[in-house]
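S.K.: Just passing along the structure, written as structure tokens.
Laboratory data are not the source of any read-out in this text; all were calculated from the coordinates shown. Just so you know, these numbers come straight off a predicted model, no measurement behind them. Ideal geometry is used to build each Cβ from the backbone, glycine not excepted, and the neighbour counts take in all protein chains shown.
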Amino acid sequence: MNALGAFLAGLVFGVGLLVSGMTDPGKVIGFLDLAGAWDPSLAFVMGGAVLVGLFAFGLAKKRARSFFGGAMHLPHNRDIDNRLVGGSLVFGIGWGLAGFCPGPALVSFAAGEEKAAIFVAAMLIGMLLYRGAERFIHEPRRQARHKA
Amino acid sequence: MSIDWSHFTPWSSLAGGLLIGVAAAMLVLLNGRVAGISGILGGLLAPRRGETAWRAAFLAGLFAAPLLMLLFGPSVDRRIDADFSVLAAAGLAVGIGTSYGSGCTSGHGVCGISRLSPRSLAATAAFMLAGMATVFVVRHLA
């Protein structure tokens with residue numbers, strides 16, 4: 001049941017991205033290009049998604065368990081720290097360079113777009129680099145601080 | 001600023017956005033999970049018990065979407081100006097940035113703002129500003 005629910009959610013998410021036009025990097029860059037010919041479409045995508053999301057997450061916050069009976073995994077971290085802001089700035093630079101963020105890149109890759117495949121491969125390398133850094137740089141430092 | 005009326009698609013973008021919201025609603029209400037694509041993908045790179053099946057299933061659904069859309073006609077044109085090196089640099093930045101920032105346009109931008117999370121609002125403001133600054137430099141200065 002859990003896997004089926006997740007599959008259908010992924011399918012609807014992907015269809016939404018395709019219908020919205022966000023799998024066209026030109027539309028994304030058109031939104032980010034305030035100084036050029038501006039395409040406001042992305043704001044309508046976010047607006048539509050958040051409109052439904054407000055109800056869904058409002059309901060989810062009140063529930064102890066999901067409809068399938070599993071635990072609710074909602075984020076608890078509330079810190080606005082350097083990691084969050086720095087990471088998001090780096091993400092934004094990559095987003096502005098290619099016009100791809102993770103969802104549309106994966107959908108475009110699945111649609112057979114070769115340029116999306118290059119982007120996705122590099123994105124996976126980036127995620128693995130982070131995991132390596134966590135394991136060999138950040139985590140040992142944290143442990144050293146605890147010992148000291 | 002001038003509006004690019006030839007590419008502006010208010011209705012289909014709003015419809016697609018509503019579908020994305022429905023998908024996020026399904027995942028959180030049925031599975032109790034946040035629909036953040038970078039997090040779902042990243043979690044598969046370091047598999048843990050009970051954390052793999054739903055992630056793989058969600059991504060399988062995401063991958064099936066373009067196939068489903070083929071039934072309704074030809075796919076939309078993609079305008080991708082970036083060449084190999086720009087795509088590689090951009091992908092690397094997105095992979096590293098979303099990992100440190102714990103999310104992307106879906107996790108922070110859609111789900112986080114829907115949760116009214118100040119943290120996600122800050123993240124969204126940061127990647128929007130960085131994206132706008134980058135496009136300004138690439139399109140108007142470089």
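S.K.: Helix-only mean residue ellipticity at 222 nm, chain B, DSSP H runs n ≥ 4 weighted -39,500 (n - 2.57), per residue, nearest 500. What is it?
M.R.: Details: 5 runs with 80 residues, N = 142.
The per-residue figure over chain B is -18500 deg cm²/dmol.
S.K.: How large is the Kirkwood hydrodynamic radius of segment B:1-102, counting all unique pairs of alpha carbons, in Å?
M.R.: Result for segment B:1-102, one decimal place: 16.6 Å.
S.K.: Report the paramagnetic label zone for A:GLU134: residues of segment A:46-87 whose backbone N is under 13 Å from a point 7 Å from Cα along the Cα-to-Cβ axis.
M.R.: What the label zone holds, given the 13 Å backbone N cut-off, is no residue at all.
S.K.: Using +1 at the Cβ of each Lys and Arg and -1 at the Cβ of each Asp and Glu in segment B:10-141, identify which of B:LEU121, B:VAL135, B:LEU14 lies farthest towards the dipole's positive end.
M.R.: Of the options given, the answer is B:LEU121.
S.K.: Counting residues in the protein assembly as shown as N, plug N into 2.2 N^0.38 Å and put the Cα Rg over that result. Provide the component values of the computation, followed by the final result.
M.R.: On the way: Rg = 18.0 Å, N = 290, 2.2 N^0.38 = 19.0 Å.
That ratio works out to 0.95.
S.K.: Dividing the convex hull volume of the alpha carbon atoms of chain A by its residue count, what do you get in Å³ per residue?
M.R.: That works out to 173 Å³ per residue.
S.K.: Take each uninterrupted DSSP H stretch in chain A, measure its Cα extent along the helix axis, and return the ones at 30 Å or beyond whose mean Kyte-Doolittle hydropathy is at least -0.5. Could the numbers behind the result be given before it?
M.R.: Working: long enough: A:41-62 (32 Å, 1.60).
Correct list, ordered by number: A:41-62.
S.K.: With charges only on Cβ, +1 for K and R and -1 for D and E, what is the dipole size of segment B:10-141 about its Cα centre, in debye, rounded to 20?
M.R.: Numbers: 9 positive and 4 negative charges, 74 e Å.
Rounded to the nearest 20 debye, it is 360 debye.
S.K.: What lysines sit close enough to A:LYS115 to cross-link, taking a C-alpha to C-alpha distance under 30 Å and skipping anything fewer than 8 places away on the same chain?
M.R.: Straight-line reach from A:LYS115, under 30 Å: A:LYS27.
S.K.: Averaged across B:34-41, how many Cβ atoms of other chains sit within 10 Å of each residue's Cβ atom?
M.R.: Neighbouring Cβ atoms belonging to other protein chains average 6 per residue here.
S.K.: Let me ask another. Within 10 Å of each Cβ in A:62-71, how many Cβ atoms from other chains are there, averaged over the peptide?
M.R.: 3
S.K.: Calculate the dipole size of the protein assembly as shown relative to its Cα centre from +1 charges on Lys and Arg beta carbons and -1 charges on Asp and Glu beta carbons; express the result in debye to the nearest 20.
M.R.: The dipole magnitude comes to about 1420 debye.
S.K.: From other protein chains only, count the Cβ atoms within 10 Å of every residue's Cβ in B:44-56, then give the mean.
M.R.: 3
S.K.: Report the extension gain between B:ARG48 and B:VAL137 in nm, rounded to one decimal, defined as 0.36 nm multiplied by the number of residues separating them, less their alpha carbon distance. Mind dumping the intermediate values first?
M.R.: Details: separation 89, 0.36 × 89 = 32.04 nm, distance 4.11 nm.
Here the segment from B:ARG48 to B:VAL137 would lengthen by 27.9 nm.
S.K.: Pick out, from A:LEU74, B:LEU27, B:VAL110, the residue whose Cα sits farthest towards the positive end of the charge dipole of the protein assembly as shown, with +1 on the Cβ of Lys and Arg and -1 on the Cβ of Asp and Glu.
M.R.: Value: A:LEU74.
S.K.: Restricting to DSSP H runs of at least four residues, report the calculated mean residue ellipticity at 222 nm for chain A, -39500 (n - 2.57) per run over all residues, nearest 500 deg cm²/dmol. Intermediate values should be presented prior to the final figure.
M.R.: Numbers: 7 runs with 104 residues, N = 148.
When only DSSP H runs of four or more count, the value is -23000 deg cm²/dmol.
S.K.: In what sequence, highest mean first, do B:83-96, B:28-41, A:126-139, A:34-47 appear when ranked by Cβ atoms within 10 angstrom?
M.R.: Listed from highest to lowest mean packing, they are B:28-41, B:83-96, A:34-47, A:126-139.
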